[in-house]
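Student: Please read through the structure below; I'll follow up with questions.
The values are calculated or read from the model by the stated rules, or taken from the named source; none is laboratory data. If you're wondering where the values come from, they're calculated on a predicted model, not measured in any experiment. Here the Cβ is made from the backbone with ideal geometry for all residues, glycine too, and neighbour counts use every protein chain on show. Ligands, DNA and RNA are stripped out before the accessible areas are found, and what is left, the full protein with its side chains, is counted by its heavy atoms. Shrake-Rupley method; radii C 1.70, N 1.55, O 1.52, S 1.80 Å.
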Amino acid sequence: MPDLIDGSENVSVHGILNWIFLLTIFSIITAIGNYLGYHHPMEQSLVGMAILSLITLAGVWMERYLPLNVSSILYISIIGIILAFPGMPTSKFVLHYVSQVELLSIVTVFLAYVGIGMGKSWDEFKALGWKAIVVTVLVIAATYYGAAIVAHIMLVLTGVPAA
Amino acid sequence: MNYSTTLGVVIIPDKGNEGQVEHIYREKTDKRILKRNPWRDYRLHCTVFILVVIAEFIGTIEIPIAKDVAITIMPLIYTMILGLVFYLAKPITWIQRKQARIAEGAMMLFIGVLIAKLAVASGQSINLIFQMGPALILQELGHLATILVLPIALILGFKKEAIGMTNSIGREPNVAVVVDKYGFNSPESRGVFAIFIIGTVIGTVFISFLVTFSLSFLPLHPYAFAMASGVGSASMNAAAIGPTLAAFPGMETQIEAFAGFSNLLSFCVGIYIVIFIALPLTEKLYNWLEPKLGKDAPVHKQEDE
């Protein structure tokens, strides 16, 4: 698979710079959206986004450079959890600034890219029949309700109060 | 295409050539991000910026449809739909296939930011997560409910495609597993590809409405809604969290913590559930039900091309 290897050969300083620039653009757009939607001060959300971007960068970097066959999602989650762990010296700082960035502000920007990116699948989507659409919709609903109902039963059985 | 998973998730526990399948997405992302200087495409990023500004100005809209029941439409839905509209609209010439490819590569990186935000919430609430451990882990088995759709797929006329369609929610890791097991050109793979593409286009919007309705109608525990939103796709997870956060004000951290952690579990554990439980079970059910429900004339797979 020569072209696959070809792709990772290019992971260099140049590549990391590209990631950094992209994350910077993403952070700025998110911080502005966060200000417009939730009125959090811009400079605080920028610091929050910088923290999140650094975690992402570390995770993406580790996925490609560490010998373990583990996805960046796992690295990013572990780093995020450890940094915010109660009692960690970093936790106060990280929590303060990250809480300035609303999850939904990030999602709003993220989904704009998703929307543009999914345009590519539009033709394939149109080629599929309504029957496949019915099955997809039911599958998504089944996944959601299956998990929700099992979780609810477990929570009630273990006596977790609803608040 | 691949917007929901990571940069190449999944550790598939067996030999052979799955290395290629499992890293397709990461390699694709790398190629796009590294070779095209994606940050230079100012038209793409300016468009996204404008979409976000429009969306935030419109804000959340609530449409009451009955007493105590309202549909909530959030800015995240506008940006996604507008993004798609911008791509499809003819007069908008600066958002084309090239921009879509860059957007796709870029969002694989931005998933990380989303995951990091959820991880921070999880870390903050780590004690609570350990307390709720049993519920969190067992609800992953709840995802097996997709298999219940198999009879309907059979009645609609699908044959072996149905196995690929109903074994899971059909995101990237699941696609990789099915392709690995049945081969790229098998009917099972065609089925999972169909679910993947349709899920890509309508999944996020659909789940957002599904959750909005469920919040009004189903008297479930708030944590149960949070956990259920971790379906194993970053954008569907995000779209499902939105209305849940709005419905339970004051519980943001817990909801984000459970939703994030449950989505993480879906990535890590969910894949093994699919390999060891869901797929064998789907096959068994297929062999049992197909002679009873299947139609004689196989439907010509629309998803063939």
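Student: Any idea what diffusion coefficient the protein assembly as shown gets from Stokes-Einstein, in µm²/s, Kirkwood Rh on alpha carbon pairs, 37 °C, 0.692 mPa s? The partial results should precede the final answer.
Tutor: Values: Rh = 22.1 Å.
The calculation lands on 148 µm²/s.
Student: Now, a different point. I'd like the accessible area for A:Met118, computed on protein heavy atoms only with a 1.4 Å probe and all protein chains in place. Round to 10 Å², please.
Tutor: Its heavy atoms expose roughly 10 Å² to the probe.
Student: Total Lys pairs in the stretch B:18-304 closer than 18 Å by alpha-carbon, pairs eight or more apart in sequence or interchain only?
Tutor: For the stretch B:18-304, the number of qualifying lysine pairs is 16.
Student: In debye, nearest 20, what is the charge dipole magnitude of the stretch B:18-304 about its Cα centre with +1 on Lys and Arg Cβ and -1 on Asp and Glu Cβ, if you could check? Provide the component values of the computation, followed by the final result.
Tutor: Values: 23 positive and 21 negative charges, 178 e Å.
The dipole of the stretch B:18-304 has a size of about 860 debye.
Student: Continuing with the same structure: Once Lys and Arg get +1 and Asp and Glu get -1 on their Cβ, which of A:Ser121, A:His96, B:Ser235 lies farthest toward the positive end of the dipole of the protein assembly as shown?
Tutor: It is A:Ser121.
Student: For chain A, what does the helix formula give at 222 nm: sum of -39500 (n - 2.57) over DSSP H segments with n ≥ 4, over the residue count, nearest 500 deg cm²/dmol?
Tutor: The helix contribution divided over chain A gives -26500 deg cm²/dmol.
Student: Putting +1 on Lys and Arg Cβ atoms and -1 on Asp and Glu Cβ atoms, find which of B:Ile77, A:Ile79, A:Pro161 reaches farthest to the positive end of the dipole of the protein assembly as shown.
Tutor: B:Ile77
Student: Mean 1/r over all different Cα pairs, inverted: what Kirkwood radius does the stretch B:18-304 give, in Å?
Tutor: Radius from the Kirkwood sum: 20.6 Å.
Student: Sticking with this structure for a sec: Give the calculated FRET efficiency between B:Ile63 and A:Met42 to the nearest 0.05, with a Förster radius of 45 Å applied to their Cβ-Cβ distance. If you can, show how the numbers build up before the last one.
Tutor: Numbers: r = 32 Å, r/R0 = 0.70.
Taking R0 as 45 Å, the efficiency between B:Ile63 and A:Met42 is 0.90.
Student: Let me ask something else. Kindly report the accessible area of the protein assembly as shown per residue (heavy atoms of protein chains, probe 1.4 Å, no ligands, DNA or RNA), in Å².
Tutor: Values: 18140 Å² over 468 residues.
Here the per-residue accessible area is 39 Å².
Student: Rounded, prolate or oblate, given the Cα gyration tensor of the stretch A:50-120, with a/c below 1.5 counting as rounded?
Tutor: On the way: a/c = 3.01, a/b = 1.19, b/c = 2.52.
Verdict is oblate for the stretch A:50-120.
Student: Ok, one more. Could you report the buried accessible area between B and A, both sides summed, computed with a 1.4 Å probe and given in Å² to the nearest 100?
Tutor: Values: alone 16320 and 12250 Å², together 18140 Å².
Separately minus together, B and A give about 10400 Å² buried.
Student: As I understand it, the dipole of chain A uses +1 on the Cβ of Lys and Arg and -1 on the Cβ of Asp and Glu, about the Cα centre. Which of A:Ile133, A:Ile55, A:Ile20 lies farthest toward its positive end?
Tutor: Positive-end residue among those listed: A:Ile133.
Student: Going by a 1.4 Å probe on protein heavy atoms, which residues of the stretch B:139-174 end up with at least 50 Å² less accessible surface in the whole assembly than in their chain alone?
Tutor: Those are B:Val149, B:Leu156, which lose 50 Å² or more relative to the chain on its own.
Student: Note the full-extension length gain between A:Val134 and A:Trp122 as 0.36 nm times their separation in residues minus their Cα-Cα distance, in nm to one decimal. Could you put the intermediate results ahead of the total?
Tutor: Details: separation 12, 0.36 × 12 = 4.32 nm, distance 1.72 nm.
So the extension gain works out to 2.6 nm.
Student: While we're looking at this one, here's another question. So, R0 is 35 Å and r is the distance between the beta-carbons of B:Val269 and B:Arg40; what FRET efficiency does that work out to, to 0.05?
Tutor: Using R0 = 35 Å, I get an efficiency of 0.35.
Student: Also: Over all alpha-carbon pairs in the stretch A:2-120, figure out the percentage whose distance exceeds 25 Å. Don't jump to the answer; show the numbers that get you there.
Tutor: Values: 2239 of 7021 pairs.
Roughly 32 percent, rounded to a whole number.
Student: If I ignore ligands, DNA and RNA and count only protein heavy atoms, how much of B:Asp41 is accessible to a 1.4 Å probe, in Å² to the nearest 10?
Tutor: Using a 1.4 Å probe on the heavy atoms, I get roughly 10 Å².
Student: Can you list the residues in the stretch B:204-231 whose accessible area drops by at least 50 Å² when all protein chains are present, compared with the chain alone? Use a 1.4 Å probe, heavy atoms only.
Tutor: Those are B:Phe206, B:Leu210, B:Leu220, B:His221, B:Ala228, which lose 50 Å² or more relative to the chain on its own.
Student: Considering only protein heavy atoms and a 1.4 Å probe, what is the carbon-and-sulfur percentage of the accessible area of the stretch B:18-304? Don't skip to the answer; put the middle values down first.
Tutor: On the way: 6920 of 10450 Å².
The C+S portion of the solvent-accessible surface of the stretch B:18-304 is 66 percent.
Student: Mind checking the stretch B:165-266 for chymotrypsin sites (Phe, Trp or Tyr not before Pro) that DSSP puts in a loop (not H, G, I, E or B) and that have at most 13 other Cβ atoms within 10 Å? Mind showing how you got there, number by number?
Tutor: On the way: sites: B:Tyr182, B:Phe184, B:Phe193, B:Phe196, B:Phe206, B:Phe209, B:Phe213, B:Phe217, B:Tyr223, B:Phe225, B:Phe258, B:Phe261; in loops: B:Phe184.
Sites meeting the loop and neighbour criteria: B:Phe184.
Student: List residues of the stretch A:99-133, by number, whose backbone nitrogen lies under 19 Å from a label position 7 Å along Cα→C-beta of B:Gln131.
Tutor: In the stretch A:99-133, the label zone of B:Gln131 (backbone N under 19 Å from the point 7 Å along Cα→Cβ) covers no residue.
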